[in-house]
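Asker: Below you'll find the structure I mean.
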Number of protein chains: 4
Amino acid sequence: MSGSTFGKIFTVTTWGESHGAGLGAVIDGCPAGLVLTAEDINRALQRRRPGQSALTTPRREADRAVILSGLFDDRTTGTPISVAVYNENQRSKDYGHLKNCYRPAHADFTFDKKYGHRDYRGGGRSSGRETIGRVIGGAVAAKLLSCFGIQTDAYTAATGHITIPPDEVDLSLRDTNALYMPHPLAAEAEAAVLAAAKAGDSMGGIVRCRTLNIPTGLGEPVFRKLDALLGQALFSIGGVKAVEIGIGTGASTCRGSDCNDAFVLRDNRIRTATNHAGGVLGGIADGEPLEVSVHFKPTPSISQPQRTVRTDGTPMELSVTGRHDPVIFPRAVVVVESMVNLVLADLLLEQATARLDNLKKIFPV
Amino acid sequence: MSGSTFGKIFTVTTWGESHGAGLGAVIDGCPAGLVLTAEDINRALQRRRPGQSALTTPRREADRAVILSGLFDDRTTGTPISVAVYNENQRSKDYGHLKNCYRPAHADFTFDKKYGHRDYRGGGRSSGRETIGRVIGGAVAAKLLSCFGIQTDAYTAATGHITIPPDEVDLSLRDTNALYMPHPLAAEAEAAVLAAAKAGDSMGGIVRCRTLNIPTGLGEPVFRKLDALLGQALFSIGGVKAVEIGIGTGASTCRGSDCNDAFVLRDNRIRTATNHAGGVLGGIADGEPLEVSVHFKPTPSISQPQRTVRTDGTPMELSVTGRHDPVIFPRAVVVVESMVNLVLADLLLEQATARLDNLKKIFPV
Amino acid sequence: MSGSTFGKIFTVTTWGESHGAGLGAVIDGCPAGLVLTAEDINRALQRRRPGQSALTTPRREADRAVILSGLFDDRTTGTPISVAVYNENQRSKDYGHLKNCYRPAHADFTFDKKYGHRDYRGGGRSSGRETIGRVIGGAVAAKLLSCFGIQTDAYTAATGHITIPPDEVDLSLRDTNALYMPHPLAAEAEAAVLAAAKAGDSMGGIVRCRTLNIPTGLGEPVFRKLDALLGQALFSIGGVKAVEIGIGTGASTCRGSDCNDAFVLRDNRIRTATNHAGGVLGGIADGEPLEVSVHFKPTPSISQPQRTVRTDGTPMELSVTGRHDPVIFPRAVVVVESMVNLVLADLLLEQATARLDNLKKIFPV
Amino acid sequence: MSGSTFGKIFTVTTWGESHGAGLGAVIDGCPAGLVLTAEDINRALQRRRPGQSALTTPRREADRAVILSGLFDDRTTGTPISVAVYNENQRSKDYGHLKNCYRPAHADFTFDKKYGHRDYRGGGRSSGRETIGRVIGGAVAAKLLSCFGIQTDAYTAATGHITIPPDEVDLSLRDTNALYMPHPLAAEAEAAVLAAAKAGDSMGGIVRCRTLNIPTGLGEPVFRKLDALLGQALFSIGGVKAVEIGIGTGASTCRGSDCNDAFVLRDNRIRTATNHAGGVLGGIADGEPLEVSVHFKPTPSISQPQRTVRTDGTPMELSVTGRHDPVIFPRAVVVVESMVNLVLADLLLEQATARLDNLKKIFPV
């Protein structure tokens, strides 16, 4: 599998740079018969667009999806779904001065060392715009999963030290603020971000994601466990430095007697009394809500002067000016959802092959 | 790629259950010409064996590796390296009473739901013995990486709340205690573990891992980034609930001006002044030490009575007796190393294909 | 790997239908630093275009490649190369009458049974236009291979029973006729094809392909042997019913003493005196020319009336009218080259990882 | 996917050399709940064993399969099925004289060039014994397919020029002779083989294979078409120089009006009147019998003196003495079946994921 392809059965291959002709994705292995329109994808893309608020970059990016293949009469045909978003409004001249230096905490240096030939315009393939392909793929995955009642919602759980108490999350508030923070604390958090930006600085945050109604059984021991694929999917997003599932880092300091989730009979089926596991046991979905937390670092581009070097190694001081969000994580909320949905769609299809009795429902003898 | 195979070029396929004939791994894609003996593998397996201390299970498992193929005159031939560890000393009768119930925080329930036919003896494929295949593969990977000076060392960084101060790690102490804790605090930690065990309980902990001398450039954007593959590799280990890279969860609460690592010229090459990134920028190794932390939950098998259900859903109370370590993480130290080495070996080979100028060194025109 | 992706390291993912917005390919894993322009791709696409002769369909398809990503300053950057060919001139109304019937020897019936939802316009994904993605990928592969002196040339070796004597192939004549037949017999063959077309019928033929200068060693035992991947690659082309390598079907009737190629010392290196093996020994390139032959069936669309059924199973008679080439194979010549080049590019990169001594040339300790 | 792994969902990874400790396979992705015993595998292995006749090597190889994992109470659990066949009776001293020379038409030369370090004993990994892993995997696949009524039978269709008329095949005669030739001509063919052997020579032949009851729809456009995967699977077998599907090489000389299979209504379902396609249309199974022909070259090891070179390039004359079958193809009959079954098992599982309506049968909302 190439580095730009994710998934085994339900696969997405992404392409594109910030300053090329566009970006996009090819989804292959999507079952035939799924109702799908560009609007399904555009709704998701809309959520990763920079907004009108002071928190996000003032670029106007239309970012409209064009579906180039794979549909007939608004249903998937089983063939590859190719979707493109054409770039507009990129101003290459903004980036010329970055040709000969390495921005701290950016991928300039490592791309140069890896490939020996780097597109320095706007981060090239390492730009945040790369996530467009993920969101396209994730939107198709979400549509497929919705046919089975599977629903994923992510949100900002913390902006710097401002954290929503877990039992006060109100998803109806999420889209009312530029931070996608589902709590009245959003106002305070926005003020903190603006203050950081004013100081030429940036902030980190936490995105939390919950999925309901996952069929018990998804996840393939031992290297394609549900949590393992989530680990790959989420750490593949730029700026992620930690991933937690269920109790997360709390696992290392608790006792077994606290951490273990007791099995109980509830609603006439076997459930767990608590959900420290976060929906995964032995790498397999146990039917409880899937709970993941993703820690994002602050935007590396800050206008404060920073020490760095030129490509020839000589020291210099750099102020990264221009249009940069002081926070990465709000626009990553939909990206986290997308990656979770891509993992689940792939494992759902794989689970269809796991049992002889299930196969006999499809291929009658 | 099947669920039991890891890697794209340097691949390992593992097999085996706790109570079958044995466990093992097939390593394929290992370059020809590498000096390798069973002793290289046995040294690693020795580290995941239960010890003689009171902290680990009293089972005597010899766990000697038998190399079945892939070598000639003690060098790899480029063909698959098949390695088996035959089971001894498994006592199936111990587990008969677990046939009709689900142990809390174990995979009994999810395996049953996924496959509809479960080997209930000792956890079957979800047993901790499954890691034998990982350690076999990791040992071969480590031998390959050592030819390029790449060296990985993991250790216990915390036992419950007892945490080693980061600047006091003394690796020479690591193998002097059953917790693989490289610090005098190990004694206190061992006492805590014994107390928990005596109370019929278990404890969690943190394994930290550092790799030196990784060539700049390893890691494939965007889904096979170094950190993404580490995420998959580490979350695939049983009992892991959180993974951090570099600054980890600290990223969400710091400012960009603190978090960014400045580039400097040191030892005549471009380095970073700090290493909050943990050795990865844009998913690609930047030449600094790779730093990961892995949070393990407490052993789910505890002798305290727990609420659970029978397979038919009726409630029951369960005390898991028998030989169980009160801590998972010490024996996982070598497993973490193994998974990191598997990721690095695979990405090293992939990087050999990334640049036209490098290929011309191998295929002269 | 999804059904629309080919390759392990050098990969191509193709998409598109005859009557959608377009067709294209995403090439991933191409080494950075390769000089590449749209013209490299267009030259290849030009060869699969319908010509002006009476033998090929009168549609005017411009089929110009647009490179959407992966290049910077006309060199590959190591990131995915996305290339699109937008459809023009498709007339969907031509195909409405095929909605409710199954054309003999076409994929209408099987797509319907497989997916339950079929794009009946012009064959959809099973159209010959699907090969555009292959030719795009193959052109990039060819450019890469040319850096190592590897050169592939295919041609029509037989049109029906009119066969070029193997020792009379004159490649300089290949592009002088619409059949891509490198021999004066082309005129006679063209007349035969025209006669068949006039009779409402179609003809089969043989495409032969030779590659020079393959480095000894390409091919991965046992399932990714050079000949195995060629088998997959060539049988994946529509209309192929047989593939031969080297002596081909002749192998079953010869004796070992005739068939074995003696090793000799020639030009100061080890060669074979004959090349019945066709360049592959044990699945690995032996440094001799790679020789493959591909047998194509006649175009299934013929204007003679044929028995068939409607989608509901009732019998009917069908004359497939409209613009159809009476021969598939001439436009497949460049497709065969493309698939051979895709196999070789992938195996070249894989071979870079096969030996420890080679890796040390790239990663000095 | 590594070179020793075949399949995407139903996968087999093979390992082992002729003169190591043994050979085997790991099957992963086999659905849970399949009844399986070592006897299922041994029956197949028995068919690739050298027999008692003068046509096959006098080595006594027991070749008994040992199942090491993946079963519980004689049913598959969904976890990897590891199977080993331990080597006995190998006499390494037989091969010492081959250390420094290259046998014509063997893989000695190419393995040396590829890997730089070769196990010269008995061909190592390129030995015919490598097929043991394929037969193990194929036997499990066959057992799975039998649950759906899918039945594959291969046989020798031609020994040199002695060819069975297609309409005279009598499968009940197949196992009555060492050539697995289902026709009274077997006696004449055996005499021809003995005469060739007596002359220090060897012969080629054709293996034909037919599969009944394949569900319509198997095969994934465009690179994982049923015929494409068969091409890979069959050309991966040592000694294969040509593969034909359905009408095969005849396709290149026939007319569309002859070649096209008319659709008809028969037995209340849509069938084809003829089967020139061989069961595959557009790369997808059409429900008709799958028909493939595989051309094998003569055994390369012959006792007649042959020209060759030493590893240093100096010329020499070589007589390959010792125990060698004068024909490869009879023992390959079961290998052809195995590879066809591996392809079909994998595509059967993949087809379970191809349609939304089918998935809803497995995951009710």
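The values are calculated or read from the model by the stated rules, or taken from the named source; none is laboratory data. For clarity, every value in this text was computed on a predicted model and none was experimentally measured. Here Cβ is always computed from backbone atoms with ideal geometry, including for glycine, and neighbour counts include all displayed protein chains. These accessible areas exclude ligands, DNA and RNA; they are computed on the full protein's heavy atoms, side chains included. Shrake-Rupley method; radii C 1.70, N 1.55, O 1.52, S 1.80 Å.
Asker: Determine which single condition B:E244 fails, assuming it passes every other condition in (1) out of contact with any Asp or Glu (no Cβ under 8 Å at 6 or more places or on another chain); (2) over 26 Å from A:V243 (Cβ atoms).
Answerer: Result: B:E244 fails condition (2) only.
Asker: Residues of segment B:24-39 being more than 7 Å from chain D (Cβ to nearest Cβ) and buried (at least 20 other Cβ atoms within 10 Å of the Cβ), which ones? Before the answer, list the steps.
Answerer: From segment B:24-39, those more than 7 Å from chain D (Cβ to nearest Cβ) are B:25, B:27, B:30-31, B:34-39; that's our starting set.
Listed by number, the residues that qualify are B:A25, B:I27, B:C30, B:P31, B:L34, B:L36.
Asker: Can you pull out the residues in segment B:262-317 that are farther than 26 Å from B:G231 by Cβ and touching a residue at least 40 places away in the same chain (Cβ under 8 Å)?
Answerer: Once the filter is applied, which keeps residues that are farther than 26 Å from B:G231 by Cβ and touching a residue at least 40 places away in the same chain (Cβ under 8 Å), segment B:262-317 yields B:S301, B:I302, B:S303, B:Q304, B:Q306, B:R307, B:T308, B:V309, B:R310, B:T311, B:D312, B:M316.
Asker: Same structure again: Under 6 Å by Cβ, and 6 or more places apart or on different chains, what pairs join a residue from segment A:21-48 that is closer than 25 Å to A:P330 by Cα with one that is in a strand (DSSP E or B) and not hydrophobic (A, V, I, L, M, F, W, C)?
Answerer: A:G22/A:G16; A:G22/A:Y86; A:L23/A:G16; A:G24/A:G16; A:A25/A:T14
Asker: Take the residues of segment C:325-365 that are charged (D, E, K, R) and either open to solvent by less than 20 Å² (accessible area, probe 1.4 Å) or free of Cβ contacts under 8 Å to residues at least 12 places away in the same chain (or both): which is nearest to C:R129 (Cα to Cα)? Break it down stepwise before answering.
Answerer: From segment C:325-365, those charged (D, E, K, R) are C:325, C:331, C:337, C:346, C:350, C:355, C:357, C:360-361; that's our starting set.
Still in the running and either open to solvent by less than 20 Å² (accessible area, probe 1.4 Å) or free of Cβ contacts under 8 Å to residues at least 12 places away in the same chain (or both): C:325, C:337, C:346, C:350, C:355, C:357, C:360-361.
Working: C:D325: 13, C:E337: 16, C:D346: 24, C:E350: 30, C:R355: 40, C:D357: 44, C:K360: 44, C:K361: 43 Å.
Checking each candidate, the answer is C:D325.
Asker: Out of curiosity, is A:T249 of a type in the set (S, T, Y), surrounded by fewer than 24 Cβ atoms within 10 Å (Cβ to Cβ) and at the interface with another protein chain (Cβ under 7 Å from one of its Cβ atoms)?
Answerer: Numbers: of a type in the set (S, T, Y): yes; surrounded by fewer than 24 Cβ atoms within 10 Å (Cβ to Cβ): yes; at the interface with another protein chain (Cβ under 7 Å from one of its Cβ atoms): yes.
Spelling it out, A:T249 is indeed of a type in the set (S, T, Y), surrounded by fewer than 24 Cβ atoms within 10 Å (Cβ to Cβ) and at the interface with another protein chain (Cβ under 7 Å from one of its Cβ atoms).
Asker: May I ask you to say which residue of D:A233, D:A242 is more than 7 Å from chain C (Cβ to nearest Cβ), open to solvent by less than 10 Å² (accessible area, probe 1.4 Å) and under 27 Å from D:A141 (Cα atoms)?
Answerer: Details: D:A242 fails: more than 7 Å from chain C (Cβ to nearest Cβ).
After applying the criteria, what remains is D:A233.
Asker: Can you name every residue in segment A:289-304 that is in a loop (DSSP other than H, G, I, E, B), open to solvent by 10 Å² or more (accessible area, probe 1.4 Å) and of a type outside the set (S, T, N, Q)?
Answerer: A:P289, A:K297, A:P300
Asker: May I ask you to verify whether C:L45 is modelled with pLDDT of 95 or more and within 12 Å of chain A (Cβ to nearest Cβ)? Steps first, answer last, please.
Answerer: Working: modelled with pLDDT of 95 or more: yes; within 12 Å of chain A (Cβ to nearest Cβ): no.
Taking the combined requirement at face value, the residue does not satisfy it.
Asker: Here's something else I'd like to know. Can you tell me which residue among C:L265, C:L230, C:L290 is touching a strand residue (DSSP E or B) at 6+ places or on another chain (Cβ under 7 Å) and closer than 20 Å to D:V336 by Cβ?
Answerer: Numbers: C:L265 fails: closer than 20 Å to D:V336 by Cβ; C:L290 fails: closer than 20 Å to D:V336 by Cβ.
None of the others qualify; the one that does is C:L230.
Asker: Which fully enclosed strands (runs of 3 or more DSSP E) of segment C:199-282 have 2 or more residues being over 21 Å from the mean Cα position of the chain (by Cα) and at pLDDT 95 or above?
Answerer: C:263-266, C:269-272
Asker: OK, next. Tell me yes or no: at least one residue of segment A:107-129 is closer than 30 Å to D:T353 by Cβ and either within 13 Å of the chain's Cα centre (by Cα) or not in a helix (DSSP H, G or I) (or both). Don't jump to the end; show me each part of the working.
Answerer: Initially, segment A:107-129 is screened for residues closer than 30 Å to D:T353 by Cβ, giving none.
Checked segment A:107-129: no residue is closer than 30 Å to D:T353 by Cβ and either within 13 Å of the chain's Cα centre (by Cα) or not in a helix (DSSP H, G or I) (or both).
Asker: Could you count how many residues in segment D:170-193 are open to solvent by 40 Å² or more (accessible area, probe 1.4 Å) and in contact with a Leu (Cβ under 7 Å, 6 or more places away or on another chain)?
Answerer: Total meeting the criteria: 1.
Asker: Within segment C:305-324, count every residue that is modelled with pLDDT of 90 or more and either assigned to a strand (DSSP E or B) or open to solvent by less than 70 Å² (accessible area, probe 1.4 Å) (or both). If you could, list the steps in order and put the result at the bottom.
Answerer: Going through segment C:305-324, the residues modelled with pLDDT of 90 or more turn out to be C:305-319.
After this cut, where a residue has to be either assigned to a strand (DSSP E or B) or open to solvent by less than 70 Å² (accessible area, probe 1.4 Å) (or both) as well, the list is C:306-311, C:313-319.
So the count comes out to 13.
Asker: Quick one: which residue in C:H161, C:H117 is in contact with a Phe, Trp or Tyr (Cβ under 9 Å, 6 or more places away or on another chain), open to solvent by 20 Å² or more (accessible area, probe 1.4 Å) and within 14 Å of chain D (Cβ to nearest Cβ)? Walk me through how you get there before you give the answer.
Answerer: Working: C:H161 fails: in contact with a Phe, Trp or Tyr (Cβ under 9 Å, 6 or more places away or on another chain).
Result: C:H117 is the single residue among C:H161, C:H117 that is in contact with a Phe, Trp or Tyr (Cβ under 9 Å, 6 or more places away or on another chain), open to solvent by 20 Å² or more (accessible area, probe 1.4 Å) and within 14 Å of chain D (Cβ to nearest Cβ).
Asker: Evaluate segment C:137-157: report whether one residue or more is over 30 Å from C:Q351 (Cβ atoms) and either out of contact with any Ser or Thr (no Cβ under 6 Å at 6 or more places or on another chain) or surrounded by fewer than 24 Cβ atoms within 10 Å (Cβ to Cβ) (or both).
Answerer: In the first step, residues of segment C:137-157 are kept if they are over 30 Å from C:Q351 (Cβ atoms); the result is C:156.
Now narrow it down to the ones that are either out of contact with any Ser or Thr (no Cβ under 6 Å at 6 or more places or on another chain) or surrounded by fewer than 24 Cβ atoms within 10 Å (Cβ to Cβ) (or both): C:156.
The answer is yes, given that some residue of segment C:137-157 is over 30 Å from C:Q351 (Cβ atoms) and either out of contact with any Ser or Thr (no Cβ under 6 Å at 6 or more places or on another chain) or surrounded by fewer than 24 Cβ atoms within 10 Å (Cβ to Cβ) (or both).
Asker: Among the listed residues D:L173, D:L144, D:L194, which satisfies the condition of being more than 21 Å from the chain's Cα centre (by Cα) and at pLDDT 95 or above? Explain how you work it out, then say what you get.
Answerer: On the way: D:L173 fails: more than 21 Å from the chain's Cα centre (by Cα); D:L144 fails: more than 21 Å from the chain's Cα centre (by Cα).
Going through D:L173, D:L144, D:L194 in turn, just one is more than 21 Å from the chain's Cα centre (by Cα) and at pLDDT 95 or above: D:L194.
Asker: I would also like to ask the following. Could you tell me how many of the residues in segment C:187-229 are closer than 26 Å to C:T353 by Cβ and more than 7 Å from chain D (Cβ to nearest Cβ)? Step through it out loud before you land on a result.
Answerer: From segment C:187-229, those closer than 26 Å to C:T353 by Cβ are C:211-229; that's our starting set.
Checking which are more than 7 Å from chain D (Cβ to nearest Cβ) leaves us with C:211-215, C:218-219, C:226.
Qualifying residue count, segment C:187-229: 8.
Asker: A follow-up question, please. Could you please give the count of residues in segment B:33-50 that are among the aliphatic types (A, V, I, L, M) and closer than 11 Å to B:I136 by Cα? Steps first, please.
Answerer: Taking segment B:33-50 and keeping what is among the aliphatic types (A, V, I, L, M), we get B:34-36, B:38, B:41, B:44-45.
Subset that is closer than 11 Å to B:I136 by Cα: B:38, B:41, B:44-45.
Residues flagged as among the aliphatic types (A, V, I, L, M) and closer than 11 Å to B:I136 by Cα within segment B:33-50 amount to 4.
Asker: How many of the residues in segment D:2-12 are of a type in the set (S, T, Y), open to solvent by less than 10 Å² (accessible area, probe 1.4 Å) and either free of Cβ contacts under 8 Å to residues at least 24 places away in the same chain or at the interface with chain C (Cβ under 8 Å from one of its Cβ atoms) (or both)? Walk me through it before giving the result.
Answerer: Of all residues in segment D:2-12, those of a type in the set (S, T, Y) come to D:2, D:4-5, D:11.
Adding the requirement that they be open to solvent by less than 10 Å² (accessible area, probe 1.4 Å) leaves D:2, D:4, D:11.
So of that shortlist, the ones also either free of Cβ contacts under 8 Å to residues at least 24 places away in the same chain or at the interface with chain C (Cβ under 8 Å from one of its Cβ atoms) (or both) come out as D:2, D:4.
Counting residues in segment D:2-12 that are of a type in the set (S, T, Y), open to solvent by less than 10 Å² (accessible area, probe 1.4 Å) and either free of Cβ contacts under 8 Å to residues at least 24 places away in the same chain or at the interface with chain C (Cβ under 8 Å from one of its Cβ atoms) (or both) gives 2.
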